[in-house]
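Chemist: Following this message is one structure expressed as structure tokens.
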Amino acid sequence: MKKTERYFYPAIFTYESGKEIAVVFPDLDCATSGIDDDDALLSARELLGCVLYGLEEDGEDIPDPTPLSQVKVHENERAVLIDVYMPSIRMARVNRSVNRTVTLPAWLNAIALEHDINFSQVLQEAIKSQLHINR
């Protein structure tokens, strides 16, 4: 089954004097905030990507978005359509870092620390070399 490339969901931006802009996705029951419109929009897009990626990965149903014209708002609220491009979200998750525990002889660890060796970088380079990966 082909995964959806771009999702569009309405968010409700709530404005209150002296407070961050609250952002709620009523269809997904999740919320975030931002210090200004730009920050709120970026936070909303990031949250939307994370939530939808999680639903995809867990095999859960993704609810249909409410049409923007049907979103009810109060006087201090605005309905905003937020989109997220999922291929970039999925790729970012594939490239996320993971922790691994490695065992070294104590003497080698001591010398490496004396020379400020970046263990993660050396391990990555060694694995890439072993697998003949050139990127």
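The values are calculated or read from the model by the stated rules, or taken from the named source; none is laboratory data. Small disclaimer: the values here were computed from a predicted structure and weren't measured. Don't worry about glycine lacking a Cβ; one is built from the backbone with ideal geometry, like all the others, and counts go over all protein chains shown.
Chemist: Against the condition in contact with a Phe, Trp or Tyr (Cβ under 7 Å, 6 or more places away or on another chain) and basic (Lys, Arg), how does residue 90 come out, does it pass?
Modeler: Details: in contact with a Phe, Trp or Tyr (Cβ under 7 Å, 6 or more places away or on another chain): yes; basic (Lys, Arg): yes.
Judged against the criteria, residue 90 is a match.
Chemist: Could you tell me which residue of the range 1-33 is surrounded by the fewest Cβ atoms within 10 Å (Cβ to Cβ), considering only residues that are touching a residue at least 40 places away in the same chain (Cβ under 8 Å), under 18 Å from the mean Cα position of the chain (by Cα) and not in a strand (DSSP E or B)?
Modeler: Restricting to residues being touching a residue at least 40 places away in the same chain (Cβ under 8 Å), under 18 Å from the mean Cα position of the chain (by Cα) and not in a strand (DSSP E or B), the top hit is 3.
Chemist: Assuming residue 54 fulfils every condition listed in (1) in contact with a strand residue (DSSP E or B) (Cβ under 6 Å, 6 or more places away or on another chain); (2) more than 15 Å from residue 9 (Cα to Cα); (3) of a type in the set (Gly, Ala, Ser) apart from one, which condition is it?
Modeler: With respect to (1) in contact with a strand residue (DSSP E or B) (Cβ under 6 Å, 6 or more places away or on another chain); (2) more than 15 Å from residue 9 (Cα to Cα); (3) of a type in the set (Gly, Ala, Ser), residue 54 is out only on (1).
Rundown of residues vs (1) assigned by TED's automatic domain parsing to the domain that holds residue 11; (2) closer than 12 Å to residue 11 by Cα; (3) in contact (Cβ under 8 Å) with a residue 60 or more places away in the chain, yes/no style:
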{"site": "46", "(1), (2), (3)": "yes, no, no"}
{"site": "66", "(1), (2), (3)": "yes, yes, no"}
{"site": "73", "(1), (2), (3)": "yes, yes, yes"}
{"site": "76", "(1), (2), (3)": "yes, no, yes"}
{"site": "105", "(1), (2), (3)": "no, no, no"}
{"site": "116", "(1), (2), (3)": "no, no, no"}
